[in-house]
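Have a look at the structure below, then the notes.
What follows is calculated from the coordinates using simple rules that are stated; it is not laboratory data. Quick caveat, the model's predicted, so the values are computed rather than measured. All Cβ positions, even for glycine, are placed from backbone atoms using ideal geometry, and neighbour counts span all protein chains on display.
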Protein chains: 2
Amino acid sequence: MKLTSIRQELPAVQRLAYLNTGSIGPLPRRAAQAIAAEAERQLLEGRVHSKQFIEESPRFLTALRARFARLLSADADEIALTRNTTEGMNIAVWGINWRMGDEIITTRTEHEGGYLPVYAAARRFGLSLRVVDIGERADPTALLAALTPRARLVVVSHVQWKTGAILPLAEVAQAAHRVGAWVAVDGAQSAGAIPIDVRASDVDFYAVSGQKWLCGPEGTGALYVRRERLSELAPTYVGYSTLAPYPAADNAGYFLPAPGAKRFECGTVYWPALYGLNESLRWLEEEVGYEWVFAQRRAVTERCREILAETPGVTIHSPPHEAGLTVFSVAGLEPMAASDALAEMGVMIRSVRDPDRLRVSTGFFNNEEDVFRLRDGLLKLRTKI
Amino acid sequence: MKLTSIRQELPAVQRLAYLNTGSIGPLPRRAAQAIAAEAERQLLEGRVHSKQFIEESPRFLTALRARFARLLSADADEIALTRNTTEGMNIAVWGINWRMGDEIITTRTEHEGGYLPVYAAARRFGLSLRVVDIGERADPTALLAALTPRARLVVVSHVQWKTGAILPLAEVAQAAHRVGAWVAVDGAQSAGAIPIDVRASDVDFYAVSGQKWLCGPEGTGALYVRRERLSELAPTYVGYSTLAPYPAADNAGYFLPAPGAKRFECGTVYWPALYGLNESLRWLEEEVGYEWVFAQRRAVTERCREILAETPGVTIHSPPHEAGLTVFSVAGLEPMAASDALAEMGVMIRSVRDPDRLRVSTGFFNNEEDVFRLRDGLLKLRTKI
């Protein structure tokens, strides 16, 4: 019953076997309506905002940061609004006062949004780079072994985008902190898919995207910056939104950043998208309920795993009981071509590379029928081999 | 006649005396329609794009970069799509291989999007910072005098946001190049207001916003990176869009950026806004025509200046025959309060600070009547003193 009404709120889910939320999630009607309403207002009334808007918008942004804070078990002033997880990871990596020879540690299986800033900063600042293999089960042993007193930053994903495995963050963070290193987490595949508690996991930075499991618009996201790090991480890309209230700068090189993580925000955004994001988050938090989201997501993921395990030719690579991603191979099917062929049948999943595999995302809004459509599609492709 | 049909395309201009394009411009109906159509498609069909979309989107983005390239007299592969001018200025400032003691030069009257990255980079890399006074007429003398062989970068605005004065870029760039320094230009108040020729002006980096004089959506913009600098400026914030086609990275710290200025692009964007931007630029280029845009803008700015000059109590601070901004004071009126009071009369201008003044923006779509409404509003406020 509840699932039925949820699926009615998500038109794309009714139309397709929508199993690619790990790339980008379905948008709820109310988010689209909020975007359209503000876009229409901008067109007709102009975007030179009224005094009322200017006074109200900081309150709106604070409330939006607070929504992310509750999701992550943080405080609102530890949240910077960003454009995506990638921007958050860049803010964390570039904000450290690097010294030549400092060690930066990451894994062989990060997304581009995580490893590229690490590679770029390592080259720029002459850092010692350690890229470790945590395997398909996100075993932290190699990460822990790589930690030395020269380590400054560990860059990892909470949920691994190519396996769905969950890294035990608290174990990594505690070991990192023992040697004086910080931990920056790519949360693109966790936020909205599994519960997150940045305090319990003890990490320093946690970056999330709005458009995946949180069903928000593209170009939105947030970065958690642990309170103690707010004054230890320098803003890198800076602009008007970085500043403390006027006057916050002189003509000699001094400027005072805003209190809290707002100091890491930079530049104008497409404002209607923020209204849409707020509606997506409000819906998940206040109507669907995050506890229900996580429990339902877990149940449908487990059911997906069962169905795939019973499908001839399928090998599942993801460890069980993890996040919303299930990575698998099908004997005789080339993943990229199979993904394209499934899309033509209305079954939306994706392929990943290194190694080449298929990846299915199961969200709180998916049902068994979606997974059966995937299975039927795979069986159909198998008959053509 | 032409102006009438242009104003019909811009609903906000019909409703208000829309004289604040320097903050944010009016949106044409066709841009709003393109945004709404893609937003609706995303809602109904999902945002997991088809194979066709994935194949077509690089062509769309190349065509969008080409629109900016034609506007700036550059080549498409010298254009990176950004979120705003501020992002472009950050890319330019942070991408230089700074050495401690290098000199960076800017003016006392830059926007936050220009001077803040300069201040932040100066602090981070131990640069020698020179902040010079170019006065109300954008006299480059002090800039030229500040250039020494240790200078690496000069950060200036083409059109000064607090006066509207135009800096003679070629003079600055040629002097900078003689000592081996590069020039990064904040073009927020020039792109769409005056002709720009990055080759003739000989600058190295030129950042523009979509949402001001180009009448595009917020959160859009572009950065010109001169061909010779593409391999000399390092990408700082990096992500998936930075990369060359797969495989472009290994597990040991190596990655190959995309050819051309695409290497400076980073992270997901709100895709419907790009469609809107493309429609705004298409309209200006193919239907209104940039030559007409610039000539009409100039004519209405000059008329605005005449009308203000004849208005009792008004002192104009902007030099004549410059860009679309006219900065002025009115005896007895506090600028911020006056701007708020005018907004209540439907007259949209803005105040600036240091020094406190009023700023009116006149675009190609404005008419004499808009300026008379401003004058009448000012006279009404003067009677209340």
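Counted by Cβ distance under 13 Å from B:Arg178, the other residues give a net charge of -2, where Lys and Arg count +1 and Asp and Glu count -1. Shown in residue order for the range A:23-37 are the 3J(HN,Hα) couplings computed by the Karplus curve 6.51 cos²θ - 1.76 cosθ + 1.60 at θ = phi - 60°: 8, 6, x, x, 9, x, 3, 5, 5, 4, 5, 5, 5, 5, 5 Hz (x for Gly and Pro). Computed extension gain for B:Ala142 through B:Ser5, at 0.36 nm per residue and net of the alpha carbon distance, reaches 44.8 nm. With 0.36 nm allotted per residue and the present C-alpha distance subtracted, the B:Phe60-B:Glu171 stretch has 36.4 nm of extension available. Shown here for the range B:287-358: trypsin sites (Lys or Arg not before Pro) in loop regions (DSSP other than H, G, I, E, B) with at most 11 other Cβ atoms within 10 Å, namely B:Arg353. Relative contact order for the range A:309-385: 30 percent, from Cα pairs under 8 Å spaced at least 6 residues apart, divided by residue count. I'd like to know which of B:Leu277, B:Met348, B:Gly332 lies farthest towards the positive end of the charge dipole of the protein assembly as shown, counting +1 on Cβ of Lys and Arg and -1 on Cβ of Asp and Glu. Projecting each Cα onto the dipole axis, the largest value belongs to B:Gly332.
For A:Val132, the residues whose amide H sits under 5 Å from its own are A:Thr106, A:Thr107, A:Arg108, ignoring neighbours fewer than 5 places away on the same chain, with H placed 1.01 Å from N.
Between B:Ala252 and A:Asp376, the distance separating the two model label sites (each 7 Å from Cα on the Cα→Cβ line) works out to 5.0 nm. Within the range A:100-156, list the trypsin sites (Lys or Arg not before Pro) lying in a DSSP loop whose Cβ has at most 16 other Cβ atoms in a 10 Å radius. For trypsin sites (Lys or Arg not before Pro) across the range A:100-156 that sit outside H, G, I, E and B with at most 16 neighbouring Cβ atoms in 10 Å, the list reads A:Arg108, A:Arg137, A:Arg150.
Assign one of three labels to chain B, namely rounded, prolate or oblate, based on the Cα gyration tensor with a ≥ b ≥ c the square roots of its eigenvalues; rounded applies when a/c is under 1.5, prolate when it is not and a/b is larger than b/c, and oblate otherwise. Since a/c reaches 1.5 but b/c is at least a/b, the shape of chain B is classed as oblate.
In this structure the amide hydrogen of A:Arg357, modeled in the peptide plane, comes within under 5 Å of the amide hydrogens of A:Val352, none closer than 5 places in sequence on its chain. With a simple spin-label model that places each label point 7 Å from the Cα along the Cα-to-Cβ direction, the separation between A:Glu285 and A:His321 comes to 3.1 nm. Shown in residue order for the range A:377-385 are the 3J(HN,Hα) couplings computed by the Karplus curve 6.51 cos²θ - 1.76 cosθ + 1.60 at θ = phi - 60°: x, 4, 4, 4, 5, 5, 5, 8, 5 Hz (x for Gly and Pro). Each copy carries A:Glu306; placing its label point 7 Å along the C-beta direction from Cα gives inter-copy distances of 8.2 nm, listed from smallest up.
If you take the Cα centroid of the range A:218-238 and the Cα centroid of the range A:47-106, the two points sit 5 Å apart.
Multiplying the residue separation of B:Asp133 and B:Gln33 by 0.36 nm and subtracting their alpha-carbon distance yields 31.6 nm. Per-residue Karplus couplings for the range A:90-97, computed as 6.51 cos²θ - 1.76 cosθ + 1.60 with θ equal to phi - 60°, are listed in order as 4, 4, 5, 5, 7, x, 7, 7 Hz, Gly and Pro entered as x. Distances between placed amide hydrogens fall under 5 Å for B:Leu243 paired with B:Ala258, all partners being 5 or more residues away or on another chain. Put the Cα centre of the range B:320-354 next to the Cα centre of the range A:130-183 and the gap is 55 Å. Computed from label points 7 Å out along Cα-Cβ, the spacing between B:Glu45 and A:Ile307 is 2.5 nm.
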